[in-house]
Amino acid sequence: IRESATLTRDVLEQHFNDLKGTLKKLLDERLMSLMQEVDAIEQESIKPLDECQKLIEHGVSTADDLLREGESAVHGDVGQQNEKLCSFTKKALHIQLDSLPEVPSLVDVPCLSAQLDDCLLTILKDQIFRHGTVASRPPVQLEEFVEKPGGILVRWCKVDDDFIPQDYRLQYRKSTASHFEDVYVGSETEFIVLHIDPNVDYQFRVCARGDGRQEWSPWSVPQIGRTTLVPHEWTTGLEGYSLSSRRNIALRNNSQSCGVLYSKAPTYFCGQTLTFRQVIETVGQPDRRDSLGVCVEQQNGYDSLQRDKAVCISTNGAVFVNGKEMTNQLPAVTSGSTVTFDMEVVQFGPSSNEGGNFKLRVTISSNNREVVFDWVLDQCCVSLYFGCSFSYPGWKVLVF
């Protein structure tokens, strides 16, 4: 509680300090804009009045000079009087002392004033008093962590009945990292976070965005999740396949070499879900020998998992158990398809550890359809290899 309260105080203080700085900057910019507008109106309006004043002052000055010259002619010597009067008369004829430049009427002369509406303060006051809230509990919380090979299935739930979520946002970070990073944004309430190092603590948090809103809710309480399961990896060295750097994605390349690409180790355990996903926009040409599935052991020399001690699905949707095709069929595997295998142990007969019968209940799902059957083996087997085989290039499969 103290940690979250301290963090909330810091966030509020920083946010309102930023608002103060931004508001002052906006007010200064608005003031400067209004001042420039006053200067422009003043300069534009005063120019004709200044010109009119100059003409009037020039006319008054000329008339004053002429008046003094006339007085001098009247009071001067008799010999020069006629000459001065003649000069005075000529100047007087050329000066229009009875005309003045047009002076703008008073209604046409601008009178500047500042129009400041006090309602802005009322609006700002109302907005400021409603700005920001303090939530004692986030509307969504993390609910469950499920270990996956090289990943963690994270589930969350809504805890505020009045909150209507539109999207969720999940973030995570290593316990040694300083910053969270987005890993999922969407409407689902669970997500498998891949590329998780086993036996390493990761922190997770989630928030939500209300229906029709832009801002995100407060973050949930961060929680720690980890997986102890090593990631699924394809085995390296098979000429017909190219692998990603983490070896969890296999691409059927243009090599003429064929064969089954197996997992590096028997990392699929009964009780888990094994998922194959097509991660390429276009897929290769399908073939009945194509296969995605699991097997008891690696067996070289085969070009498909459609053999004994293996269950698989072909890209055309056919399901094979120990090399025999079932009557039930799933949809064809296409771009973006996800195929999952779920198995649980069902034992019967003498003790399995002594070589008796051993049965696994298998569920294969693809494109919202599934088949369920029992797979009978002659040995106890709770960890299995997975594999794939494609006859033509272009298929790209992610396993997790």
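Peptides 233-241, 43-51 ranked from most to least packed give 233-241, 43-51, packing being the mean of other C-beta atoms within 10 angstrom over each peptide's residues. With all protein chains kept in place, the per residue accessible area of region 1-112 amounts to 88 square angstrom at a probe of 1.4 angstrom.
Return the carbon/sulfur percentage of the accessible area of region 273-400, one whole number, probe 1.4 Å, all protein chains in place.
On the way: 2410 of 5700 Å².
Of all accessible area on region 273-400, carbon and sulfur atoms account for 42 percent.
Under a 1.4 Å probe, what is the accessible area of region 268-400 per residue, stated in Å²? Spell out each step's value before the answer.
Numbers: 5930 Å² over 133 residues.
About 45 Å² of surface per residue is accessible.
Length available on full extension from ASP50 to ARG226: 0.36 nm per residue minus the Cα-Cα distance, which gives 55.0 nm. Any idea what angle helix 119-130 forms with the longest principal axis of the chain, computed on alpha-carbon atoms, 0 to 90 degrees, nearest 10? Helix 119-130 and the main axis of the chain meet at about 20 degrees.
Rounded to 0.05, the FRET efficiency of the VAL109 and GLU13 pair, given R0 = 56 Å and the Cβ-Cβ distance, is 0.60.
Determine the share of region 1-112's accessible area contributed by carbon and sulfur atoms, expressed in whole percent, with a 1.4 angstrom probe.
Working: 5840 of 9860 Å².
The nonpolar share, carbon plus sulfur, comes to 59 percent.
Evaluating 6.51 cos²θ - 1.76 cosθ + 1.60 at θ = phi - 60° for every residue in region 291-302, the Karplus couplings come out as 7, 10, x, 10, 8, 6, 8, 6, 9, 6, x, 9 Hz, glycine and proline recorded as x. Each Lys and Arg adds +1 at its Cβ and each Asp and Glu adds -1 at its Cβ; summed about the Cα centre, the chain shows a dipole of about 2580 debye.
Compared with the dominant Cα axis of the chain, that is its longest principal axis, helix 2-75 is turned about 20°. Using a probe of 1.4 angstrom and keeping all protein chains present, the accessible surface of region 140-227 works out to 54 square angstrom per residue. These residues, LYS396, LYS324, go from largest to smallest accessible area, 1.4 Å probe, as LYS324, LYS396. Between LEU93 and ASP167, the modelled labels are 9.2 nm apart [label points 7 Å from Cα along Cα→Cβ]. Taking θ as phi - 60° and the Karplus parameters 6.51, -1.76 and 1.60, the scalar couplings of region 189-204 work out to 10, 7, 7, 8, 8, 8, 6, 9, 6, x, 6, 10, 6, 10, 9, 10 Hz in sequence order, x denoting glycine and proline. For the chain, what is the relative contact order in percent, using Cα pairs closer than 8 Å and at least 6 residues apart in sequence? Relative contact order here is 12 percent. A simple spin-label model places the labels of ASP28 and ASN357 8.7 nm from each other, with each point 7 Å out along Cα-to-Cβ. The average projected area of region 140-227, computed from the convex hull of its Cα atoms over all directions, is 5.4 nm².
Rounded to two decimals, what is Rg over Rh for the chain when you use alpha-carbon atoms and the Kirkwood radius? Don't skip to the answer; put the middle values down first.
Working: Rg = 44.7 Å, Rh = 29.7 Å.
Over the Cα atoms of the chain, Rg/Rh equals 1.51.
Remark: spin-label model distance VAL279-VAL382 equals 3.0 nm, labels positioned 7 Å along the Cα→Cβ axis. The angle between the Cα long axis of helix 78-94 and the main principal axis of the chain comes to about 30°, on a 0 to 90 degree scale. Take the Cβ atoms of ASP64 and LEU120, set R0 to 51 Å, and the FRET efficiency comes out at 0.40. LEU377's amide H: which non-local residues (gap 5+, or another chain) put their own amide H closer than 5 Å, with H modeled 1.01 Å from N in plane and none for Pro or chain starts? Hits under the 5 Å cutoff: PHE358, LYS359, LEU360. In this calculation the C-beta distance from ARG247 to GLN214 is compared with R0 = 35 Å, giving a FRET efficiency of 0.30.
Roughly speaking, to the nearest percent, how much of region 140-227's 1.4 Å accessible area is carbon and sulfur?
That fraction is 43 percent.
Coupling constants for region 385-400 follow from the phi torsions by the Karplus curve (6.51 cos²θ - 1.76 cosθ + 1.60, θ = phi - 60°), and in residue order they are 7, 10, x, 8, 8, 9, 7, 10, x, x, 7, 9, 10, 9, 10, 7 Hz; glycine and proline get x. Placing +1 on the Cβ of every Lys and Arg and -1 on the Cβ of every Asp and Glu, with no other charges, gives region 242-400 a dipole of roughly 420 debye about its Cα centre. When peptides 33-40, 266-273 are sorted by average Cβ neighbour count within 10 Å, with the highest value leading, the order is 266-273, 33-40.
By how many nm would the segment from THR327 to ASN367 grow when fully extended, if each residue of separation counts as 0.36 nm and the alpha-carbon distance is taken off?
Working: separation 40, 0.36 × 40 = 14.40 nm, distance 1.80 nm.
Result for the pair: 12.6 nm of gain on full extension.
The values are calculated or read from the model by the stated rules, or taken from the named source; none is laboratory data. Just so it is clear, the model here is predicted, and its values are computed rather than measured. Virtual Cβ from ideal backbone geometry, glycine too; neighbours counted across all protein chains shown. With ligands, DNA and RNA removed, areas are computed over all heavy atoms of the protein, side chains included. Shrake-Rupley method; radii C 1.70, N 1.55, O 1.52, S 1.80 Å.
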